[in-house]
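The values are calculated or read from the model by the stated rules, or taken from the named source; none is laboratory data. In this text, all values refer to a predicted model and were calculated from it rather than measured experimentally. Here the Cβ is made from the backbone with ideal geometry for all residues, glycine too, and neighbour counts use every protein chain on show. Quick note on the areas: whole protein, heavy atoms, side chains included, nothing else; ligands and nucleic acids left out. Shrake-Rupley method; radii C 1.70, N 1.55, O 1.52, S 1.80 Å.
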Amino acid sequence: MKYDHLWQIVDPLLDWYRANRRRLPWRESRDPYRVWVSEIMLQQTRVETVIPYYGRFMERFPTIASLAACEDEELYKVWEGLGYYSRARNLKKAAQAVCAQHQGIFPAAYEEILALPGIGAYTAGAVSSIAFEEPRAAVDGNVLRVLTRLTQDDHDITDAKFRSQVTERLESVYPPEGRGDFTQSLMELGAVVCMPNGEPVCGKCPLSGLCGAHGSGTQLRYPVKKRKAVRRIEEKTVLVLQCRGRIALRKRGDKGILSGMWELPNVDGTLDVQRVCQWLAGRSFEVGALRAPAPGERQLKHIFTHVEWHMTCWIASCENEGSAADLMWVTAAQLEDEIALPSAFRKVYQYYLSVRVD
């Protein structure tokens with residue numbers, strides 16, 4: 001199959017999707033707000049992970065106005081554990097823009113959707129087609145995998161120009177009706193049949209008779225993408241400071257990874273006992289007990305998109321709260337109910353709970 005015959009996939013895909021689509025909570029409505037929230041949550045996150053978060057999010061923020069007016073800490077707490085917190089920040093910014101520029105009504109025009117904070121061509125295409133039945137494609141890695149296997153296209157799918165060309169070709173075959181279903185049928189096929197890891201389930205694919213890669217047995221050669229850059233490793237020393245039943249937190253800066261989030265105090269590099277004691281003394285802490293990493297104890301690891309943190313944890317039981325003005329002391333109940341702690345530091349906190357010194 002070549003791209004000029006792409007129209008042949010429309011009817012088989014629509015028939016397959018309508019008979020086999022998964023029941024997912026965001027598919028119960030074509031409300032653009034609900035579609036938009038689900039698409040943002042699903043970025044780089046598995047469907048099974050998103051489902052409970054989506055339910056809690058929509059219960060707490062049922063309208064664009066409620067999202068626009070929420071406190072950041074409340075938003076982060078609902079989002080806690082889902083990762084990529086910039087998505088949550090941009091959701092709120094976009095909700096505020098909708099309230100300010102569109103009287104609280106989610107815009108229907110593709111260009112206006114694309115102009116909202118945190119929304120790129122994929123999300124704008126998804127919302128535009130699913131919520132408003134516009135002939136707009138949502139082309140991501142799943143869709144590119146399906147199409148490059150169909151056409152045996154060996155272009156680099158990370159090339160933005162190629163993605164734009166594929167989007168244009170796909171939009172040219174959008175049906176006059178069922179455009180939202182067509183968008184979701186491609187998403188669904190890439191998620192459950194033409195999958196990213198392992199062998200595709202070609203026996204269940206409605207397009208197998210049209211697929212060039214299936215016909216030649218070359219499915220795993222596609223898609224073609226350039227090799228990822230090696231993830232940078234950063235060593236961190238994280239300090240869990242406890243005093244009178246409370247734990248010290250501080251706010252991260254406004255830029256970089258986890259910007260604006262709460263964190264456990266930490267220092268770049270792997271500190272030995274002398275340097276940890278110097279750090280504590282420099283902030284006027286009186287330490288009653290200090291737990292160093294046990295010999296052979298493995299570092300805690302957390303992986304971001306381009307960075308991997310290797311975290312060495314020290315636990316200090318303090319007699320006072322020191323002199324550091326940037327620290328906030330919180331209870332376990334606050335950490336559980338009120339304060340969002342990013343997953344990297346939540347791992348350290350869970351470690352502390354298992355080995356803490358009193």
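A compact table of results
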quantity: Entirely in region 11-126, the helices (runs of 4 or more DSSP H) that have 3 or more residues that are free of Cβ contacts under 8 Å to residues at least 60 places away in the same chain and of a type in the set (A, V, I, L, M); calculated: 47-60, 64-69, 86-101
quantity: Residue 255 vs. criteria surrounded by fewer than 19 Cβ atoms within 10 Å (Cβ to Cβ), charged (D, E, K, R), out of contact with any strand residue (DSSP E or B) (no Cβ under 6 Å at 6 or more places or on another chain) and under 30 Å from residue 150 (Cα atoms); calculated: no
quantity: One residue from 53, 76 being touching a helix residue (DSSP H, G or I) at 6+ places or on another chain (Cβ under 8 Å), surrounded by fewer than 19 Cβ atoms within 10 Å (Cβ to Cβ) and hydroxyl-bearing (Ser, Thr, Tyr); calculated: 53
quantity: Breaking point among (1) under 27 Å from residue 336 (Cα atoms); (2) loosely packed, with under 15 Cβ neighbours inside 10 Å; (3) not polar (S, T, N, Q), for residue 47; calculated: (2)
quantity: Of all residues in region 322-348 being open to solvent by less than 20 Å² (accessible area, probe 1.4 Å) and closer than 21 Å to residue 269 by Cβ, the one that is farthest from the chain's Cα centre (by Cα); calculated: 348
quantity: Residue tally, condition closer than 12 Å to residue 242 by Cβ and open to solvent by 70 Å² or more (accessible area, probe 1.4 Å), over region 273-321; calculated: 1
quantity: Odd one out for residue 353, checked against (1) surrounded by 12 or more Cβ atoms within 10 Å (Cβ to Cβ); (2) assigned to a helix (DSSP H, G or I); (3) aliphatic (A, V, I, L, M); calculated: (1)
quantity: Residues satisfying the stated conditions in region 6-20, i.e. of a type in the set (A, V, I, L, M, F, W, C) and closer than 10 Å to residue 207 by Cα; calculated: 9, 10, 13, 16
quantity: Flag for residue 149 being open to solvent by less than 20 Å² (accessible area, probe 1.4 Å), within 21 Å of the chain's Cα centre (by Cα) and over 29 Å from residue 89 (Cα atoms); calculated: no
quantity: Scope region 220-239; condition in contact (Cβ under 8 Å) with a residue 40 or more places away in the chain and either open to solvent by 100 Å² or more (accessible area, probe 1.4 Å) or touching a helix residue (DSSP H, G or I) at 6+ places or on another chain (Cβ under 9 Å) (or both); matching residues; calculated: 221, 222, 223, 224, 225, 226, 232, 236, 237, 238, 239
quantity: Complete set of residues in region 261-272 that are in contact (Cβ under 8 Å) with a residue 12 or more places away in the chain and surrounded by fewer than 16 Cβ atoms within 10 Å (Cβ to Cβ); calculated: 268, 269, 270
quantity: Residue satisfying condition, being surrounded by 18 or more Cβ atoms within 10 Å (Cβ to Cβ), touching a Leu at 6+ places or on another chain (Cβ under 8 Å) and not in a strand (DSSP E or B), within set 213, 248; calculated: 213
